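> Sharing a structure, written as structure tokens. Questions coming.
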Amino acid sequence: QVQLVESGGGLVQPGGSLRLSCAVSGSIFSIYVMGWYRQTPGKQRELVATITSRGMTTYADSVKGRFTISRDNAKNTGYLQMNRLKPEDTAVYYCNGDLAPLATMTRDDYWGQGTQVTVSS
């Protein structure tokens with residue numbers, strides 16, 4: 001059974017940093033894309049950043065130059081380094097894996113349970 005588990009959220013002051021991690025467990029054939037999304041109450045979930053298995057990245061305009069997405073393919077783990085955080089970055093952050101489990105070899109989207117990031121003084 002495939003699971004994505006996020007960690008690293010918390011409370012940080014404006015201008016501070018946090019590093020989120022997303023560990024993918026289970027028997028995986030391939031993780032094609034890993035991504036981070038965020039959601040605030042009453043709003044749709046929005047893309048923050050994605051990274052392919054070859055390391056190609058995309059970022060939302062609002063986080064370019066402040067956030068860095070990365071992954072460790074050997075550990076099936078993704079990361080989101082968040083610097084110069086702003087109050088408007090406050091949200092629940094979700095990890096997404098576009099992957100194929102070994103059992104099915106079928107590519108699909110998998111989500112973590114989310115981790116709260118609060119930027120406040």
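The values are calculated or read from the model by the stated rules, or taken from the named source; none is laboratory data. Since the model is a prediction, treat every value here as computed from it, not as a measurement. Counting neighbours? That spans all protein chains shown, and the Cβs are built from the backbone with ideal geometry, glycine included. Ligands, DNA and RNA are excluded from the accessible area calculation, which covers all protein heavy atoms including side chains. Shrake-Rupley method; radii C 1.70, N 1.55, O 1.52, S 1.80 Å.
> Give me the mean projected area, in nm² to one decimal, of the convex hull enclosing the Cα positions of the chain.
7.1 nm²
> Also: Setting aside same-chain residues fewer than 8 positions from K86, which lysines have a Cα under 21 Å from its Cα?
K43, K64
> In addition: May I ask you to list the trypsin sites (Lys or Arg not before Pro) in segment 37-88 that are in a DSSP loop and have at most 16 other Cβ atoms within 10 Å of their Cβ?
Working: sites: R38, K43, R45, R54, K64, R66, R71, K75, R84; in loops: K43, R45, R54, K64, R66, K75, R84.
Answer by residue number: K43, R45, R54, K64, R66, K75, R84.
> Here is a further query. Give me the Kirkwood hydrodynamic radius of segment 64-121, using the inverse of the mean 1/r over all pairs of distinct Cα atoms, in Å to one decimal. Intermediate values should be presented prior to the final figure.
On the way: mean 1/r = 0.0741 Å⁻¹.
In segment 64-121 this quantity evaluates to 13.5 Å.
> In addition: Out of the total accessible area of the chain (probe 1.4 Å, heavy atoms of protein only), what percent is carbon and sulfur?
Numbers: 3140 of 6560 Å².
For the chain, the apolar C and S fraction of the accessible surface comes to 48 percent.
> What's log10 of I(q)/I(0) for segment 33-95 at q = 0.19, 0.25, 0.30 Å⁻¹, Debye sum over Cα points only, no solvent?
-0.69, -1.10, -1.41
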